[in-house]
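Comments concern the structure below.
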Amino acid sequence: MLKDTGERVIPEKMKATDEMLMEHMARYYFAVEYVYGRVLDIASGTGYGTQLLAKKRKGIVDEVVGVDLETEAIKYAKGAYHHPNATFIEGDVTDSELPEKLGQFDCIVSFETIEHIADEEQFLANIYNLLKPGGKLILSTPFGKGRGKLCGSPFHVHQLSVDEFMGLFPDYASAVFYFQKGPLIEPANRTDDRHFPLGIAVCRK
(Lines give C-alpha, C1' and ligand atoms only; values in the text may rest on other atoms or scores of the structure.)
Protein backbone atom coordinates (compact mmCIF):
# COMPACT_ATOMS: atom_id res chain seq x y z
CA MET A 1 0.00 0.00 0.00
CA LEU A 2 1.20 3.50 -0.84
CA LYS A 3 2.04 5.31 2.40
CA ASP A 4 1.03 8.93 2.97
CA THR A 5 4.13 10.60 4.42
CA GLY A 6 2.46 13.98 4.84
CA GLU A 7 4.35 15.21 1.78
CA ARG A 8 2.88 12.74 -0.67
CA VAL A 9 0.77 14.30 -3.43
CA ILE A 10 -2.00 11.99 -4.64
CA PRO A 11 -4.32 14.27 -6.65
CA GLU A 12 -7.30 11.92 -6.78
CA LYS A 13 -7.30 11.69 -2.98
CA MET A 14 -7.01 15.46 -2.39
CA LYS A 15 -9.42 18.38 -2.66
CA ALA A 16 -8.92 20.80 -5.55
CA THR A 17 -8.48 23.57 -2.96
CA ASP A 18 -5.63 21.78 -1.16
CA GLU A 19 -2.76 24.29 -1.09
CA MET A 20 -0.05 21.64 -1.33
CA LEU A 21 -1.72 20.17 -4.40
CA MET A 22 -2.05 23.59 -6.05
CA GLU A 23 1.59 24.38 -5.28
CA HIS A 24 2.88 21.13 -6.77
CA MET A 25 0.66 21.32 -9.84
CA ALA A 26 1.73 24.92 -10.45
CA ARG A 27 5.35 23.82 -10.75
CA TYR A 28 4.56 21.20 -13.37
CA TYR A 29 2.44 23.64 -15.37
CA PHE A 30 5.34 26.09 -15.12
CA ALA A 31 7.70 23.42 -16.48
CA VAL A 32 5.38 22.62 -19.40
CA GLU A 33 6.59 25.74 -21.21
CA TYR A 34 10.21 24.57 -21.09
CA VAL A 35 10.28 20.83 -21.74
CA TYR A 36 10.85 19.13 -25.06
CA GLY A 37 12.38 15.97 -26.51
CA ARG A 38 13.37 13.35 -23.95
CA VAL A 39 12.45 14.45 -20.41
CA LEU A 40 13.44 13.08 -16.99
CA ASP A 41 11.22 13.65 -13.94
CA ILE A 42 13.50 12.93 -10.97
CA ALA A 43 11.73 11.80 -7.76
CA SER A 44 8.46 11.58 -9.68
CA GLY A 45 6.42 10.32 -6.72
CA THR A 46 2.95 9.09 -7.68
CA GLY A 47 3.51 10.05 -11.32
CA TYR A 48 0.86 12.71 -11.91
CA GLY A 49 3.45 15.25 -13.05
CA THR A 50 5.19 12.85 -15.39
CA GLN A 51 1.89 12.17 -17.13
CA LEU A 52 0.97 15.87 -17.20
CA LEU A 53 4.20 16.78 -19.02
CA ALA A 54 3.66 14.01 -21.56
CA LYS A 55 0.04 15.04 -22.22
CA LYS A 56 0.51 18.80 -22.35
CA ARG A 57 3.53 18.64 -24.68
CA LYS A 58 2.22 16.05 -27.10
CA GLY A 59 4.21 16.31 -30.32
CA ILE A 60 6.99 18.27 -28.57
CA VAL A 61 7.98 15.80 -25.86
CA ASP A 62 9.05 12.39 -27.16
CA GLU A 63 9.27 10.62 -23.81
CA VAL A 64 8.99 11.43 -20.11
CA VAL A 65 10.76 9.07 -17.71
CA GLY A 66 9.65 9.24 -14.08
CA VAL A 67 12.20 7.91 -11.57
CA ASP A 68 11.50 7.37 -7.87
CA LEU A 69 13.21 5.47 -5.06
CA GLU A 70 10.03 3.99 -3.58
CA THR A 71 8.75 0.77 -5.08
CA GLU A 72 5.16 1.47 -4.05
CA ALA A 73 5.21 4.94 -5.63
CA ILE A 74 6.36 3.50 -8.96
CA LYS A 75 3.75 0.75 -8.73
CA TYR A 76 1.05 3.34 -8.04
CA ALA A 77 2.22 5.57 -10.92
CA LYS A 78 2.12 2.69 -13.39
CA GLY A 79 -1.42 1.85 -12.33
CA ALA A 80 -2.83 5.38 -12.12
CA TYR A 81 -1.12 7.38 -14.86
CA HIS A 82 -1.10 5.67 -18.23
CA HIS A 83 0.36 7.50 -21.22
CA PRO A 84 2.16 6.08 -24.26
CA ASN A 85 5.02 8.56 -23.80
CA ALA A 86 5.39 8.14 -20.01
CA THR A 87 7.59 5.49 -18.37
CA PHE A 88 8.14 4.88 -14.66
CA ILE A 89 11.35 3.38 -13.29
CA GLU A 90 12.51 2.64 -9.75
CA GLY A 91 15.86 4.26 -9.10
CA ASP A 92 18.06 6.15 -6.63
CA VAL A 93 18.83 9.74 -7.64
CA THR A 94 22.23 9.44 -5.91
CA ASP A 95 23.22 6.26 -7.74
CA SER A 96 26.48 7.14 -9.51
CA GLU A 97 25.58 4.70 -12.30
CA LEU A 98 22.23 6.35 -13.01
CA PRO A 99 23.49 8.36 -16.02
CA GLU A 100 24.85 5.17 -17.58
CA LYS A 101 21.58 3.33 -16.90
CA LEU A 102 19.24 6.01 -18.24
CA GLY A 103 21.25 7.84 -20.87
CA GLN A 104 20.94 11.60 -21.44
CA PHE A 105 17.92 13.87 -21.59
CA ASP A 106 16.99 17.13 -23.29
CA CYS A 107 15.26 18.34 -20.12
CA ILE A 108 15.25 17.38 -16.44
CA VAL A 109 12.59 18.29 -13.90
CA SER A 110 13.49 17.99 -10.21
CA PHE A 111 10.84 19.30 -7.84
CA GLU A 112 11.20 19.23 -4.06
CA THR A 113 14.00 16.67 -4.14
CA ILE A 114 17.33 18.13 -3.09
CA GLU A 115 16.16 18.91 0.46
CA HIS A 116 15.70 15.16 0.99
CA ILE A 117 19.19 14.25 -0.24
CA ALA A 118 22.15 13.86 2.10
CA ASP A 119 24.63 13.33 -0.75
CA GLU A 120 23.89 16.62 -2.48
CA GLU A 121 27.09 16.61 -4.53
CA GLN A 122 26.36 13.21 -6.11
CA PHE A 123 22.77 14.21 -6.82
CA LEU A 124 23.83 17.40 -8.60
CA ALA A 125 26.61 15.56 -10.48
CA ASN A 126 24.08 12.97 -11.68
CA ILE A 127 21.70 15.63 -12.92
CA TYR A 128 24.47 17.42 -14.78
CA ASN A 129 25.67 14.18 -16.40
CA LEU A 130 22.13 13.13 -17.29
CA LEU A 131 21.53 16.38 -19.16
CA LYS A 132 22.55 16.83 -22.78
CA PRO A 133 24.70 19.84 -23.73
CA GLY A 134 22.31 22.73 -24.25
CA GLY A 135 19.63 20.93 -22.26
CA LYS A 136 17.39 22.50 -19.62
CA LEU A 137 17.03 21.81 -15.92
CA ILE A 138 14.02 23.00 -13.90
CA LEU A 139 14.68 22.45 -10.18
CA SER A 140 12.81 23.64 -7.09
CA THR A 141 13.27 23.51 -3.32
CA PRO A 142 11.86 25.14 -0.18
CA PHE A 143 13.99 27.79 1.49
CA GLY A 144 15.23 27.49 5.06
CA LYS A 145 18.09 28.33 7.41
CA GLY A 146 20.74 26.61 5.32
CA ARG A 147 22.91 23.51 5.13
CA GLY A 148 23.46 21.61 8.33
CA LYS A 149 20.75 23.49 10.23
CA LEU A 150 17.55 22.00 11.57
CA CYS A 151 14.38 22.74 9.68
CA GLY A 152 10.71 22.25 10.43
CA SER A 153 10.27 19.07 8.39
CA PRO A 154 11.28 15.63 9.68
CA PHE A 155 11.52 14.49 6.05
CA HIS A 156 14.20 17.03 5.04
CA VAL A 157 17.94 16.77 5.60
CA HIS A 158 17.95 20.57 5.68
CA GLN A 159 16.55 23.45 3.65
CA LEU A 160 18.88 25.68 1.66
CA SER A 161 19.04 29.42 2.11
CA VAL A 162 18.25 31.61 -0.91
CA ASP A 163 21.97 32.29 -1.43
CA GLU A 164 22.86 28.60 -1.19
CA PHE A 165 20.14 27.71 -3.69
CA MET A 166 21.28 30.32 -6.18
CA GLY A 167 24.86 29.06 -5.83
CA LEU A 168 24.08 25.48 -6.89
CA PHE A 169 24.58 25.94 -10.63
CA PRO A 170 28.04 27.39 -11.40
CA ASP A 171 28.73 24.88 -14.18
CA TYR A 172 25.66 25.81 -16.20
CA ALA A 173 25.76 28.27 -19.09
CA SER A 174 22.81 30.18 -17.60
CA ALA A 175 20.51 30.08 -14.59
CA VAL A 176 17.32 32.11 -14.14
CA PHE A 177 15.54 32.11 -10.78
CA TYR A 178 11.92 32.33 -9.70
CA PHE A 179 10.18 32.51 -6.32
CA GLN A 180 7.01 30.62 -5.47
CA LYS A 181 4.27 31.09 -2.89
CA GLY A 182 1.34 28.71 -3.23
CA PRO A 183 0.43 28.54 -6.93
CA LEU A 184 2.02 31.96 -7.58
CA ILE A 185 5.39 31.88 -9.36
CA GLU A 186 7.25 35.11 -10.11
CA PRO A 187 10.73 36.12 -11.31
CA ALA A 188 13.06 36.29 -8.31
CA ASN A 189 13.34 39.75 -6.80
CA ARG A 190 15.63 39.95 -3.79
CA THR A 191 14.39 43.45 -2.90
CA ASP A 192 10.74 42.32 -2.66
CA ASP A 193 9.48 42.54 0.93
CA ARG A 194 7.09 39.64 0.44
CA HIS A 195 8.12 36.23 1.74
CA PHE A 196 8.39 33.50 -0.88
CA PRO A 197 9.00 30.10 0.74
CA LEU A 198 10.19 28.27 -2.37
CA GLY A 199 12.62 28.79 -5.22
CA ILE A 200 12.75 27.50 -8.79
CA ALA A 201 15.79 27.53 -11.06
CA VAL A 202 15.68 27.22 -14.84
CA CYS A 203 19.17 26.36 -16.08
CA ARG A 204 20.72 25.69 -19.43
CA LYS A 205 23.77 23.42 -19.68
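Looking at the stretch 139-148 only, could you name the residues that are assigned to a loop (DSSP other than H, G, I, E, B) and either among the basic types (Lys, Arg) or surrounded by 15 or more Cβ atoms within 10 Å (Cβ to Cβ) (or both)?
Answer for the stretch 139-148, where residues must be assigned to a loop (DSSP other than H, G, I, E, B) and either among the basic types (Lys, Arg) or surrounded by 15 or more Cβ atoms within 10 Å (Cβ to Cβ) (or both): 143, 144, 145, 147.
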Give me the residue from the stretch 170-200 that is surrounded by fewer than 19 Cβ atoms within 10 Å (Cβ to Cβ) and of a type in the set (Ser, Thr, Tyr) and, out of that set, nearest to residue 32 (Cα to Cα). 174
If a residue counts only when it is over 18 Å from residue 202 (Cβ atoms) and either of a type in the set (Asp, Glu) or at pLDDT below 90 (or both), which strands (runs of 3 or more DSSP E) contained entirely in the stretch 1-111 have at least 2 such residues? 61-68
Could you list all residues from the stretch 169-205 that are β-branched (Val, Ile, Thr) and more than 15 Å from residue 24 (Cβ to Cβ)? 176, 191, 202
Qualifying residue in the stretch 186-205 (condition: modelled with pLDDT under 90, closer than 15 Å to residue 112 by Cα, in contact with a helix residue (DSSP H, G or I) (Cβ under 8 Å, 6 or more places away or on another chain) and not aromatic (Phe, Trp, Tyr)): no
Inspect all residues belonging to the stretch 47-54 and state whether any of them is among the polar types (S, T, N, Q) and buried (at least 23 other Cβ atoms within 10 Å of the Cβ). yes
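Each row is one residue, and each column tells you yes or no for (1) under 16 Å from the mean Cα position of the chain (by Cα); (2) aromatic (Phe, Trp, Tyr); (3) closer than 21 Å to residue 36 by Cα.
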| site | (1), (2), (3) |
| --- | --- |
| 102 | no, no, yes |
| 127 | yes, no, yes |
| 158 | no, no, no |
| 164 | no, no, no |
| 168 | yes, no, no |
Give all pairs with beta carbons closer than 7 Å in which a residue from the stretch 103-118 that is within 14 Å of residue 47 (Cα to Cα) meets a residue that is assigned to a loop (DSSP other than H, G, I, E, B) and not β-branched (Val, Ile, Thr); count only pairs at least 6 apart in sequence or on separate chains. 110/43
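Quick check: anything in the stretch 160-168 in contact with a His (Cβ under 9 Å, 6 or more places away or on another chain) and either assigned to a strand (DSSP E or B) or among the hydrophobic types (A, V, I, L, M, F, W, C) (or both)?
No, because not a single residue in the stretch 160-168 is in contact with a His (Cβ under 9 Å, 6 or more places away or on another chain) and either assigned to a strand (DSSP E or B) or among the hydrophobic types (A, V, I, L, M, F, W, C) (or both).
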When you scan the stretch 184-192, do you find a residue that is more than 16 Å from the chain's Cα centre (by Cα), within 20 Å of residue 53 (Cα to Cα) and in contact (Cβ under 8 Å) with a residue 60 or more places away in the chain, even just one? yes
If we keep only residues of the stretch 78-100 that are among the charged types (D, E, K, R) and over 20 Å from residue 117 (Cα atoms), then the residue surrounded by the fewest Cβ atoms within 10 Å (Cβ to Cβ) is 100
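Scan 151, 203 and give me the residue that is touching a residue at least 60 places away in the same chain (Cβ under 8 Å) and either part of a strand (DSSP E or B) or more than 22 Å from residue 34 (Cβ to Cβ) (or both).
Numbers: 151 fails: touching a residue at least 60 places away in the same chain (Cβ under 8 Å).
Testing whether each residue is touching a residue at least 60 places away in the same chain (Cβ under 8 Å) and either part of a strand (DSSP E or B) or more than 22 Å from residue 34 (Cβ to Cβ) (or both) leaves just 203.
The values are calculated or read from the model by the stated rules, or taken from the named source; none is laboratory data. Since we're looking at a predicted model, the values are computed, not measured. Cβ atoms come from the backbone with ideal geometry, glycine included; neighbour counts cover every protein chain shown.
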